[in-house]
Structure formats: C-alpha cells, structure tokens
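Down below is the structure, laid out as structure tokens.
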C-alpha cells in the first residue's frame, strides 16, 4: 500500500534528493535548495508518496489567487515512474484545493519536459497558453489548467490505482480551517451558503 | 504627427484614463520610464500604456492605461516593445482582460499565445499576448510617428545586467536565423533602434518619472515637434 500524505520535517532530505535527481532536475529548473522545501513543509504544502517507509515522489503546491491552486515542483524517482505516483499526488492536491475553496488548478510546464504533456491530459488538465521564450534560457512555458468540478474530480480519482491511500492528517492546516469554517457556518445556520466546491469536499469527506 | 514620449508626474494625469489614474500613480515615480503615451499633436487625442511588472529582468509585462484612438494604441504598444529592447529585455507580454482591444494588440504585432481561464478576481478570462524580438523581428513605427525614448543610468544598469545574465546561459552562443549569436542579435537590435530616423534617444543620466527628482522635467509641448 502506498500512502499519499503531507511531507514532514524528517522527509525533507529525501524530498530534496528526488528534486535533485539527475533525471528530474533539468525539468525543475535546476538544483533545488533545502530552505524552500522546509518552508513548504512548514506550510503544509508539500505532498509526498511513501512506500514501505521510503519517499518515492514529492509535489510542491501553492496558490496565486484566492481561487487558483498552483503546482510548483513535481518529481518522482525514475525507477518508480509510470506507476501513477504523480497522478495520485495531483489528485491529493485537488482535495486540498477543494478544502481551501479553490477550483482552478494551474501548472506551469517548461517546453522541453516530455513527461507532463502526456500525464496532465489524463487527469483533466488542458493546455491553455504557451508563452514563448518566457524562461531566461529562451525556453517556452506552457500553462495547463483544470477547472475543478465534482465530475472532473471523480474522473481524476478513477485514475488512481486501488493500492493508494490518501491520508489527511488532523494537523493539516487546510483541513482544520475547513472544519472551523463549516462549524461556524453551521452555528450561524448559513451552511447552505457554502461554495459548490466546499459543499463537494464536505460530501466527499463524509463518504470517506 | 504622432508624438510618443515618457510621462512624468507633472502632467501624467492628462494622458491617463480616469479609471486607471490610481494604478498609474503607483508606477509613475520610478527612475525607469514607466508610462509612455502617444499623442496626436493636432487633435490632442492620446493612447497610453506602461510597464506593469519588470519582475524578471529578461522579460516585462506591459499594461493599458486608456486610449482614444486605435492607431495611437498600436503605435504606443510598438514603442513599449522598442523601449524594452533598449533595456536588454527579450520578451514583452500583455495580460489583457478587455476583449475589445485584443485585435489592436494583434495589429501591433503581438502574438496571441492563449488565455488564462477565470484569471481575475471577477473570474474574467485573460488573453496572453507576447512579443519576442528575436523571433518576431523589430516593429516599425509609422512614418508620421516620432518617438522619444529615455536612456537613463537605471536603463543602462538593467541592460548590462541582462547581458551578463545572457552570457552565463549556454544559449548565448546559439546562432539565430541570420547566423548571429543571441547577444549579437540583441546588440544589433539596439543599434538599429538608436539609428532609426523617427526615434530620438534622450540620454539623461538621472531621469525620473517624478519630475521633482528628475534632471530635466519636460512638458508635453516639448515633444510636439521633431527634436532629432
């Protein structure tokens, strides 16, 4: 069983090893320092996949507007590729996006990346723009966007094999905020005014 | 004749649409030219655009501050491209949320590179336009247009910094279609702009958008005649 969960302090070295693996670093804009990873871990925005205690994939997330979720660095060890590890991390981050009320998923891909343009359409991302020569080294950047609805999330979820387990820990900031928001809305009898996305997250978490 | 010139604080509000005054005011006081306007010297109609972001030194984002005639907007957006090249930049982009002026940017030579769905806080789609001089060539201004660009110390700092950055890249040695390296191509573009007949380069080391801090504070009328 593979566990998809948030990265912890003890995982930072292994996450850095994944990003800086010789097969991954060219796609991720070069060497990744330790500090940005530990900052993301502290924020609860670093998603990892664990197999038998070993971290095999990592996904760094963030957001650029109140309604947009953004992926930053996504990496998997080469020997574990083609096993839907990245797919599971993307789907996990969709769940986190829903908890925070965000519904536009956004990813930047540098033009010479040969893997992501194949992976992203399978989980509902569409190529919306290609900015020519955007990177300093004259490479293009393409923007992949997914507008998240209940249907599109469930479609992506079907791509995740059954041997993956999503773990939303109680100390997850997003989950805590979500629960707090729902409690407050319930106390004020305003639960019907919660956004569609959050309504779905509520339903989905109840199912789980 | 159409006169193009950088705005300074002493008169900028005359050439900016009232709904953009606030955002223009936050940009105008920089030491780099931040807002350019194209004015028809007879009718006094204007079109104004400026640099919204220079966060990455090799690229910049320009934005719209109002226009009264389409041909003026075309001329001023071309001028912003030329002015950005003088700073050593290799990509100029616009994120445009106003559908009615998309066509004007395409006429000015910008390439429609796609769009960001529901990008703004009001969930409007934003069209991305980009211009890369090494691919798209240099835009040429109209024969009736006369442009004034400022080269200050700050502009030169950016230009040198960018050339240093490009030197570090392995693509510095990449040959273009005309068999020039990237750096040579950029140098050629800069010297071509400087030698163009209807472009006047003002070398003012301590120019500032804040007219109180600038070495020279211009009035709009100073640019209504061909100064070259």
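The values are calculated or read from the model by the stated rules, or taken from the named source; none is laboratory data. It should be emphasised that the depicted structure is a prediction, and the values quoted were computed from it without experimental measurement. Positions of Cβ are backbone-derived with ideal geometry, glycine not excepted, and every protein chain shown enters the neighbour counts.
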Residue A:81 being under 30 Å from residue B:167 (Cα atoms), modelled with pLDDT under 95 and either out of contact with any strand residue (DSSP E or B) (no Cβ under 8 Å at 6 or more places or on another chain) or within 14 Å of another protein chain (Cβ to nearest Cβ) (or both):
no
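Residues checked against (1) within 14 Å of chain A (Cβ to nearest Cβ); (2) within 21 Å of residue B:207 (Cβ to Cβ):
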position	(1), (2)
B:26	no, yes
B:39	no, yes
B:56	yes, no
B:60	yes, yes
Residue among B:169, B:100 that is surrounded by fewer than 17 Cβ atoms within 10 Å (Cβ to Cβ) and closer than 26 Å to residue A:26 by Cα
B:169
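From the list B:141, B:156, which residue is more than 14 Å from chain A (Cβ to nearest Cβ), within 16 Å of the chain's Cα centre (by Cα) and surrounded by fewer than 16 Cβ atoms within 10 Å (Cβ to Cβ)?
B:156
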Mind listing whichever residues of segment B:116-130 are at the interface with chain A (Cβ under 9 Å from one of its Cβ atoms) and either under 18 Å from the mean Cα position of the chain (by Cα) or at pLDDT 95 or above (or both)?
B:127, B:128, B:130
Within segment A:95-122, considering residues that are in a helix (DSSP H, G or I) and modelled with pLDDT of 90 or more, the one surrounded by the fewest Cβ atoms within 10 Å (Cβ to Cβ)
A:118
Hits in segment A:7-19 (condition: free of Cβ contacts under 8 Å to residues at least 24 places away in the same chain and surrounded by 13 or more Cβ atoms within 10 Å (Cβ to Cβ))
A:16, A:17
Return a yes/no flag: does segment A:123-142 have any residue that is more than 13 Å from chain B (Cβ to nearest Cβ), more than 17 Å from residue B:93 (Cβ to Cβ) and surrounded by fewer than 17 Cβ atoms within 10 Å (Cβ to Cβ).
no
